1. Which residues' amide hydrogens lie under 5 Å from the amide hydrogen of TYR53, considering only partners 5 or more residues apart or on another chain, with H built in the peptide plane?
2. Normalised radius of gyration for the chain, please: alpha carbon Rg relative to 2.2 N^0.38 Å, two decimal places.
3. Angle, helix 128-149 long axis vs. longest principal axis of the chain, Cα atoms, 0 to 90°, nearest 10?
4. Counting pairs of alpha carbon atoms under 8 Å apart in space and at least six apart in sequence, what relative contact order in percent does the chain give?
5. Students often check this: by mean Cβ neighbours within 10 Å, which of 107-116, 83-92 ranks highest, and how do the rest follow?
6. Here is the link list: LYS21/LYS41; LYS21/LYS139; LYS11/LYS41; LYS8/LYS76; LYS41/LYS86. Which ones come out longer than 25 Å on Cα distance?
7. With n ≥ 4 as the cut-off for DSSP H runs, can you work out [θ] at 222 nm for the chain, using -39500 (n - 2.57) per run divided by the number of residues, rounded to the nearest 500?
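Every read-out reported here was derived from the displayed coordinates using simple, explicitly stated rules and does not represent laboratory data. Remember, it's a predicted structure, so these values are computed and weren't measured experimentally. Cβ coordinates were reconstructed from backbone atoms using ideal geometry, including for glycine residues, and neighbour counts include every protein chain displayed.
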Amino acid sequence: MSRGNKMKLTKLIYTSSMSDKCNLDEIDNILAEAIGRNASKNITGVLYYSNHYFFQCLEGENKDIEEVFTLIEKDKRHTNIMVVEKAPIATRQFGEWAMAYILQSPLLVPMHQRLMDSDEFDPRLITPTNAHLLLEELKNYLPKAYLATLQ
């Protein structure tokens, strides 16, 4: 890539339901696939799983995001896929992670209460505005989530 040809970044935020073809053990397979694929395409982001729902943010070149999202749409482990927002971005929010992962936790209930007025994650209550707030909270939670896996 030449210096004059800066990469145009896109952020895609979507929610989906875990299908009956998926279980918690299968999420490990989803992550392994996502990390390998995303790293090869310079895609970064976060996957949050809670209450049988996925909330995901993907960041990267638009063509790569489109390609990956097409695979997600065909993946039988996801149903009820809903794009919350797709927009150009200047910088990555999750640039350190090919795919950060956060599993539901009682520590996140206050976040759900603040952003969704619910004790549980509910994708029907996600708007672009609270999606960005949710992403910021999840990013702040990542160090705690990582430390919890070491115990």
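1. Under 5 Å from the amide H of TYR53 lie the amide H atoms of MET18, each far enough along the sequence or on another chain.
2. Taking N as the residue count of the chain, the ratio is 1.02.
3. Orientation of helix 128-149: about 80 degrees from the principal axis.
4. Dividing the mean separation by the residue count of the chain yields 32 percent.
5. Per-residue mean Cβ counts within 10 Å order the peptides as 107-116, 83-92.
6. The answer is LYS21/LYS41; LYS21/LYS139; LYS8/LYS76.
7. So the helix-based figure for the chain works out to -13500 deg cm²/dmol.
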